[in-house]
Amino acid sequence: MKKVLTGGLLAMFSVASLADEGMWQPHQLPQISQQLKQAGLALDPNDLTNLTGFPMGAIVSLGGCTASFVSDKGLVATNHHCIYGSVQYNSSEENNLLRDGFLAKNFDQELQATPGSRIYVTEEINEVTEQVNAGLSKDMDGAERYDVMEKNRKALVSECEADDKYRCRVVNFHGGLQYFLFKQLTIRDVRLVHAPAMSVGKYGGDIDNWMWPRHTGDYGFYRAYVGKDGQPADYHEDNVPYEPKHYLKVNKASVADGDYIMVLGYPGRTNRYRVASEVENQFTWTYPNAKVMREDIIDLIKSNSEPDSDARIKYESTLASLANYAKNYGSMISSYQKGDMLARKQKLEADLAAWINADKKRKAQYGDALTGLNKLITKSQENQARDLILGYMRYGALYNSANSLYRWSIEQELDDAERKSGYQDRDKNRFVQGMKTINRRYDQVIDKAIMSKLLADYAKLPESERLASLDKFFAIDKGADEAAIGKQLEQMYAQSKLAEQERRLAWMDKSPSDFENSNDPFIKLAVATYKERLALEQSSEALSGEIQAYRPKYMAALIAYYQDKNLPVYADANSTLRITYGNVKGYSPQDGLWATPFTRLEGIAAKNTGEVPFNASEKQLSLIANKEYGDYARPELGSVPVNYLGTLDITGGNSGSPTLNDKAEFVGLVFDGVYESIIGDWDYDPSLNRSIHVDVRYMLWVMEHIDGATNLIEEMDIVE
């Protein structure tokens with residue numbers, strides 16, 4: 001890997017450690033080697049900077065979750081909730097793999113994952129800040145800035161992807177102060193190997209989500225396949241298991257209280273450097289309204305489908321995602337209302353302004369950064385009620401597919417380099433797979449109910465915030481009420497052919513004029529509203545370009561201030577490879593309570609009600625009652641550990657990340673955080689921030705004694 005930081009900028013980055021806070025980039029680890037050693041790391045921190053060496057070469061991304069190779073035959077371990085969509089895709093009312101679980105005893109029995117599933121292996125990370133910013137000038141407006149930077153990004157990606165086995169992307173760090181180009185080997189044939197039953201993999205369900213004590217076996221396995229030449233290839237029955245250069249050994253002894261642990265993974269997004277105005281709006285408007293929106297859609301799905309019905313199975317993955325974030329937002333709001341984060345943010349900005357104004361050079365360099373940024377942030381929030389509703393219309397499958405297909409036809413009229421990201425040649429396979437998956441996640445009654453509710457909400461907006469074209473299409477401008485809109489939708493769903501996969505795929509080869517002459521009602525809606533939707537998109541991009549003139553300057557000021565005060569600086573999470581470290585440790589969620597760091601098998605039986613989501617199988621309950629622990633009990637616990645707590649700094653995207661011990665051996669999977677730590681995406685608190693991990697001992701116990709997955713145990717390299 002090339003050196004990725006210039007000397008001048010590197011000098012600005014303080015790496016002072018505050019407890020176990022921080023999601024560190026691989027190249028930063030030598031700078032915090034003392035803290036890593038003090039926490040208990042036995043390896044040389046320099047070894048963790050080599051992306052193609054051990055253990056980094058064993059860590060992969062699933063594009064939303066993390067995973068790791070755990071055998072020399074491409075076996076991949078991750079969370080049950082990360083493979084949930086593939087289990088759902090292969091389930092039906094007659095063969096409910098979600099409920100019953102799945103195990104392939106040999107390669108031939110392994111099932112194709114959800115179309116479009118990918119395994120990404122990061123091989124190179126290079127700084128490209130100068131290339132992304134090339135051609136920018138101070139007199140450019142926001143749209144011009146955005147267009148220049150987008151053109152530069154696409155050129156870098158195109159050059160990087162000259163070899164089609166790689167997928168590349170340019171990612172901004174510190175609000176656009178830096179840019180890095182990530183090059184990832186992309187494995188396109190992914191197969192489902194093993195998933196425990198929901199009574200293990202989702203034990204406790206939404207009730208226990210984000211809670212402690214926890215007793216969830218949140219694990220599952222994929223396998224990576226390639227062509228016979230060892231190179232990435234599309235799914236084919238003749239493909240063979242991928243043989244990674246590095247994979248993780250599984251340490252059956254696991255960990256004890258106080259032991260060093262670390263997680264290597266791809267955390268999604270944190271917002272710890274947002275300004276006070278963004279914080280206030282997010283917690284007082286965005287989260288409350290988005291929570292209600294998600295809960296309303298959950299209610300619509302459940303009220304229009306019976307448990308275990310084909311319709312409900314199609315939406316199980318959607319329900320899990322909606323419920324997860326609804327509960328997440330609830331915790332965010334509660335923690336914000338109890339705490340003083342906004343006041344501390346406001347004080348930080350006042351202190352920063354005073355620090356800047358105390359020095360003429362600093363004032364000249366940073367003086368307008370915060371005021372300019374705040375002005376643009378306020379502008380970005382002007383139509384957020386409309387934007388929220390239009391954003392959630394993505395849950396309308398026919399509406400969304402019609403819009404995407406029409407946009408595809410328009411973009412194909414341009415040279416590939418001029419097309420919008422998402423509609424280039426590099427995106428075609430993913431676009432096709434997205435169109436193919438719709439039928440396994442679509443029910444007409446549910447889809448119609450969701451669109452009816454969203455359009456009814458939209459119609460209540462002030463006329464100044466609505467789209468004239470959308471109003472006209474549904475006669476909202478003439479006073480159409482919810483009943484009239486519902487009746488029109490009824491006719492649209494009855495007449496549209498977009499629910500048929502072959503029809504959707506055929507539209508990919510049509511011209512814009514074909515769309516404009518179509519009688520399909522959802523195609524007509526897409527055409528009628530396109531210009532206005534495009535104008536909103538372009539306006540948003542122009543504003544983004546304007547913000548990019550101020551946020552990097554603000555971040556440069558903040559980093560310089562933090563360095564002056566010897567405070568830690570690390571980039572917010574952005575779905576790129578990071579390392580976070582700490583120890584196994586309990587915590588005190590409230591006065592008078594101490595949560596111990598391990599749960600045991602007996603806790604499963606204590607919670608069991610026989611009803612979902614506390615419905616452990618009779619076999620599991622019998623094994624627990626008879627204390628049949630096999631080789632997996634911990635003497636000090638007197639049982640098999642199920643889950644444990646760590647002090648690791650994680651967020652969404654870390655799901656499925658391997659938890660490693662001091663020698664980088666696999667000792668479990670991180671899958672959640674405690675309720676009090678959810679606000680850590682914005683505001684880290686070392687006393688309350690705790691990660692939740694499934695213990696490798698529990699994984700192996702279930703695999704051996706309940707599911708009979710001895711073939712996988714034998715395949716892995718297990719040590720003690």
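The values are calculated or read from the model by the stated rules, or taken from the named source; none is laboratory data. Predicted model only: the values in this text are computed from it and were never measured. We place every Cβ from the backbone using ideal geometry, glycine too, and count neighbours over all the protein chains shown.
Can you find even one residue in region 601-617 that is more than 29 Å from the chain's Cα centre (by Cα), within 23 Å of Thr659 (Cβ to Cβ) and surrounded by 21 or more Cβ atoms within 10 Å (Cβ to Cβ)?
Looking through region 601-617, at least one residue is more than 29 Å from the chain's Cα centre (by Cα), within 23 Å of Thr659 (Cβ to Cβ) and surrounded by 21 or more Cβ atoms within 10 Å (Cβ to Cβ).
When region 606-624 is examined, which residues are found to be aliphatic (A, V, I, L, M) and within 15 Å of Lys202 (Cα to Cα)?
Val612, Ala616
For Lys245, indicate whether it is within 26 Å of Ser117 (Cα to Cα), touching a residue at least 12 places away in the same chain (Cβ under 8 Å) and touching an Asp or Glu at 6+ places or on another chain (Cβ under 6 Å).
In short, no.
Let's see how each residue does on (1) basic (Lys, Arg); (2) within 19 Å of Arg466 (Cα to Cα); (3) touching an Asp or Glu at 6+ places or on another chain (Cβ under 8 Å):
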{"residue": "Glu502", "(1), (2), (3)": "no, no, no"}
{"residue": "Asp514", "(1), (2), (3)": "no, no, no"}
{"residue": "Ala528", "(1), (2), (3)": "no, yes, no"}
{"residue": "Glu537", "(1), (2), (3)": "no, yes, no"}
{"residue": "Glu546", "(1), (2), (3)": "no, no, yes"}
{"residue": "Pro552", "(1), (2), (3)": "no, no, no"}
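Conditions tested, residue by residue: (1) at pLDDT below 95; (2) over 30 Å from Leu370 (Cα atoms); (3) part of a helix (DSSP H, G or I); (4) touching a Gly at 6+ places or on another chain (Cβ under 9 Å).
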| site | (1), (2), (3), (4) |
| --- | --- |
| Ser277 | no, no, yes, no |
| Gln282 | no, no, yes, no |
| Thr286 | no, no, yes, no |
| Asn289 | no, no, yes, no |
| Val292 | no, yes, yes, no |
| Glu295 | no, yes, yes, no |
| Leu300 | no, yes, yes, no |
| Glu306 | no, yes, no, no |
| Arg312 | no, yes, yes, no |
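Go through region 575-594 residue by residue and tally those that are among the aromatic types (Phe, Trp, Tyr) and surrounded by fewer than 24 Cβ atoms within 10 Å (Cβ to Cβ).
Result for region 575-594: 2.
Within the group Gly434, Gly372, which residue is touching a helix residue (DSSP H, G or I) at 6+ places or on another chain (Cβ under 9 Å), in a helix (DSSP H, G or I) and farther than 28 Å from Gly175 by Cβ?
Gly434
Residue-wise test of (1) surrounded by fewer than 20 Cβ atoms within 10 Å (Cβ to Cβ); (2) touching a residue at least 12 places away in the same chain (Cβ under 8 Å); (3) not in a strand (DSSP E or B).
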site: Leu98; (1), (2), (3): no, yes, yes
site: Lys105; (1), (2), (3): yes, yes, yes
site: Ser117; (1), (2), (3): no, yes, yes
site: Asp139; (1), (2), (3): yes, no, yes
site: Asn152; (1), (2), (3): no, yes, yes
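Taking the conditions exactly as written (in contact (Cβ under 8 Å) with a residue 12 or more places away in the chain, more than 30 Å from Gly135 (Cβ to Cβ) and part of a helix (DSSP H, G or I)), does Ala557 satisfy them or not?
Against the criterion (in contact (Cβ under 8 Å) with a residue 12 or more places away in the chain, more than 30 Å from Gly135 (Cβ to Cβ) and part of a helix (DSSP H, G or I)), Ala557 does not qualify.
Do you know which of the residues in region 505-520 that are in a loop (DSSP other than H, G, I, E, B) and not acidic (Asp, Glu) is nearest to Asp427 (Cα to Cα)?
Restricting to residues being in a loop (DSSP other than H, G, I, E, B) and not acidic (Asp, Glu), the top hit is Met508.
Does at least one position in region 415-428 carry a residue that is among the polar types (S, T, N, Q) and either closer than 30 Å to Asp147 by Cα or at pLDDT below 95 (or both)?
yes
Identify, from the list Gly708, Gly630, Gly653, the residue that is touching a residue at least 40 places away in the same chain (Cβ under 8 Å), in contact with a Pro (Cβ under 7 Å, 6 or more places away or on another chain) and at positive phi.
Gly653
What's the total number of residues in region 456-473 that are within 27 Å of Ile298 (Cβ to Cβ) and in contact (Cβ under 8 Å) with a residue 60 or more places away in the chain?
Going through region 456-473 one residue at a time, the tally reaches 7.
May I ask you to say which residue of Thr66, Thr52 is closer than 30 Å to Phe107 by Cα, buried (at least 21 other Cβ atoms within 10 Å of the Cβ) and under 24 Å from the mean Cα position of the chain (by Cα)?
Answer to the check: Thr66.
For region 570-615, enumerate the residues that are among the β-branched types (Val, Ile, Thr) and over 13 Å from Arg214 (Cβ atoms).
If the condition is that a residue be among the β-branched types (Val, Ile, Thr) and over 13 Å from Arg214 (Cβ atoms), then Thr576, Ile579, Thr580, Val584, Thr609, Val612 are the ones that fit.
Name the single residue that is farthest from Ser687 (Cα to Cα) among those in region 564-609 being among the small types (Gly, Ala, Ser) and free of Cβ contacts under 8 Å to residues at least 12 places away in the same chain.
Ala606
Could you list, in sequence order, all residues of region 688-711 that are out of contact with any Leu (no Cβ under 7 Å at 6 or more places or on another chain) and not in a loop (DSSP other than H, G, I, E, B)?
Asp695, Val696, Arg697, Tyr698, Met699, Leu700, Trp701, Val702, Glu704, Thr710, Asn711
Please enumerate the residues belonging to region 577-609 that are outside any helix (DSSP H, G or I) and among the hydrophobic types (A, V, I, L, M, F, W, C).
If the condition is that a residue be outside any helix (DSSP H, G or I) and among the hydrophobic types (A, V, I, L, M, F, W, C), then Leu577, Ile579, Val584, Leu593, Trp594, Ala595, Phe598 are the ones that fit.
In region 352-402, which residues are surrounded by fewer than 19 Cβ atoms within 10 Å (Cβ to Cβ), in contact with a Leu (Cβ under 9 Å, 6 or more places away or on another chain) and of a type in the set (Gly, Ala, Ser)?
Correct list: Ala353, Ser380, Ala385.
Filter the strands (runs of 3 or more DSSP E) completely within region 160-246 down to those with at least 1 residues that are within 15 Å of Val76 (Cα to Cα) and small (Gly, Ala, Ser).
Those strands (runs of 3 or more DSSP E) span 189-195, 220-226.
So which residues in region 621-640 are buried (at least 18 other Cβ atoms within 10 Å of the Cβ), outside any loop (DSSP other than H, G, I, E, B), under 35 Å from the mean Cα position of the chain (by Cα) and not charged (D, E, K, R)?
Within region 621-640, Ile624, Ser639 meet the criteria.
Before we move on, is Asp685 touching a residue at least 24 places away in the same chain (Cβ under 8 Å) and assigned to a loop (DSSP other than H, G, I, E, B)?
No; evaluated as a whole, the condition is false for this residue.
Go through region 641-682 and report how many residues are within 16 Å of Gly268 (Cα to Cα), of a type outside the set (Val, Ile, Thr) and not in a strand (DSSP E or B).
Total satisfying the criteria: 12.
Would you mind telling me which numbered condition in (1) of a type outside the set (D, E, K, R); (2) closer than 16 Å to Arg191 by Cα; (3) in contact with a Phe, Trp or Tyr (Cβ under 9 Å, 6 or more places away or on another chain) Gln31 fails?
(2) is the only condition that Gln31 fails.
In region 69-103, what residues are of a type in the set (Gly, Ala, Ser) and more than 21 Å from the chain's Cα centre (by Cα)?
Ser71, Gly74, Ser91, Ser92, Gly101
Would you pick out the residues in region 42-72 that are closer than 14 Å to His246 by Cβ, of a type in the set (A, V, I, L, M) and part of a loop (DSSP other than H, G, I, E, B)?
Leu43, Leu51, Val70
Could you please tell me which pairs satisfy a Cβ distance under 7 Å, a separation of 6+ or placement on different chains, a first residue in region 474-488 that is touching a residue at least 12 places away in the same chain (Cβ under 8 Å) and part of a helix (DSSP H, G or I), and a second residue that is buried (at least 17 other Cβ atoms within 10 Å of the Cβ) and polar (S, T, N, Q)?
Here the result reads Ile485/Ser452; Gly486/Ser452, each pair linking region 474-488 to a residue that is buried (at least 17 other Cβ atoms within 10 Å of the Cβ) and polar (S, T, N, Q).
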